[in-house]
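Colleague: Let me begin by handing over the structure; questions about it come next.
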Amino acid sequence: GLPIVMLSANGAGALGQRLVSAKANIAAKLKMPSGEAAKRYKSEDAILFQLATDPAMGIPLPGGFPILMHGEAAGAIAVSGASKDVNDEQCAQAGLDKIKDRLN
């Protein structure tokens, strides 16, 4: 649940760093994209319970993807604060796609 690498642009606020950590924690712990958790937590009590009882997760927002190896969460990749033309999910997915061939 702790970041190994976090890159922030000059002038990036602390809120973005907190959001990206929450997105990564949600993705890794729930083994699903944080955007999927955002869609499902209102109708699925098990997801809502996990989000409500783990302060590292917070409110689910799109932009985090689990890194799965043999069905187990080995970590997560998450993005927050992408530009207006590109959203957080697109950036995170591009990062995951870049390393996917090494996850066997």
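The values are calculated or read from the model by the stated rules, or taken from the named source; none is laboratory data. Keep in mind the model is a prediction, meaning the values are calculated, not measured. Neighbour counts run over all protein chains shown; Cβ positions are idealised from the backbone, glycine included. Protein only, heavy atoms only, side chains kept; ligands, DNA and RNA dropped before computing areas. Shrake-Rupley method; radii C 1.70, N 1.55, O 1.52, S 1.80 Å.
Colleague: For the chain, what is the accessible area per residue in Å², given a 1.4 Å probe and the full set of protein chains?
Modeller: 65 Å²
Colleague: Right, something else. Using Cα positions and a limit of under 16 Å, work out the aspartates and glutamates in reach of Lys23, with same-chain residues fewer than 8 apart set aside.
Modeller: Glu36, Asp54, Asp88, Glu89
Colleague: Please calculate the 1.4 Å probe accessible area of Met6, with all protein chains present, and give it to the nearest 10 Å².
Modeller: Counting only protein heavy atoms, Met6 exposes about 80 Å² to solvent.
Colleague: Report Val86's accessible area, 1.4 Å probe, all protein chains in place, as a number in Å² to the nearest 10.
Modeller: Surface open to solvent at Val86 totals about 60 Å².
Colleague: Let me ask another. Only helical DSSP H runs with n ≥ 4 go in: add -39500 (n - 2.57) per run for the chain, normalise by residue count and round the 222 nm mean residue ellipticity to 500 deg cm²/dmol.
Modeller: Working: 4 runs with 45 residues, N = 104.
Per the formula, -13000 deg cm²/dmol.
Colleague: Below 8 Å between Cα atoms, with a sequence gap of 6+, how large is the relative contact order for the chain in percent?
Modeller: Relative contact order here is 26 percent.
Colleague: In whole Å, what three semi-axes, largest first, describe the equivalent ellipsoid of the chain built from its Cα gyration tensor (square root of 5 times each eigenvalue)?
Modeller: 20, 18, 13
Colleague: Still on this structure, please answer the following. Could you state the principal axis extents of the C-alpha atoms in region 47-104, from the largest down, to the nearest angstrom?
Modeller: Answer, in whole Å and largest first: 35, 34, 14 Å.
Colleague: Need the C-alpha centroid separation for region 6-24 versus region 44-69, integer Å.
Modeller: 17 Å
Colleague: Considering all alpha-carbon pairs of region 4-64, what whole percent are spaced by more than 19 angstrom?
Modeller: Details: 495 of 1830 pairs.
Everything past 19 Å amounts to 27 percent.
Colleague: Within a Cβ distance under 14 Å of Ala74, other residues only, what is the Lys/Arg minus Asp/Glu net charge?
Modeller: Taking every other residue near Ala74 into account, the sum is +3.
Colleague: Give me the percent of the accessible area of region 63-104 that comes from carbon and sulfur atoms, probe 1.4 Å, all protein chains in place.
Modeller: Result for region 63-104: 50 percent of the exposed heavy-atom area is carbon or sulfur.
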